[in-house]
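Take a look at the structure below.
The values are calculated or read from the model by the stated rules, or taken from the named source; none is laboratory data. Since we're looking at a predicted model, the values are computed, not measured. Neighbour counts run over all protein chains shown; Cβ positions are idealised from the backbone, glycine included. Each accessible area value is taken on the protein alone, full model and side chains, heavy atoms only, with ligands, DNA and RNA left out. Shrake-Rupley method; radii C 1.70, N 1.55, O 1.52, S 1.80 Å.
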Amino acid sequence: MIVVCAVGGPPDMGDPESFFPTDYVCRSCGHKFKGIGVGPKCPSCHSENVERVK
């Protein structure tokens, strides 16, 4: 299942990558998800402590 989270803000108009889903991992609970926008939150625990996975 793919979960895309847009919580945290709209896309950054100066960063074209913020318009496309990006892989993230939550540093608090370890949940992996796809997110868009500025500052996505973990859809599992709602933490803002997330890291972009390259």
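Proximity of backbone amide H atoms, modeled 1.01 Å from N, is registered between Lys41 and Val7 at under 5 Å, excluding neighbours fewer than 5 places apart on the same chain. Counting Lys and Arg as +1 and Asp and Glu as -1 over every other residue whose Cβ lies under 11 Å from the Cβ of Cys26, the net charge comes to +1.
Legend: residues Arg52, Arg27, sorted from most to least accessible area (1.4 Å probe; ligands, DNA and RNA excluded), read Arg27, Arg52. With 0.36 nm allotted per residue and the present C-alpha distance subtracted, the Val53-Lys32 stretch has 6.6 nm of extension available. Among Cys29, Cys42, the order of accessible area from largest down is Cys29, Cys42, computed with a 1.4 Å probe on protein heavy atoms.
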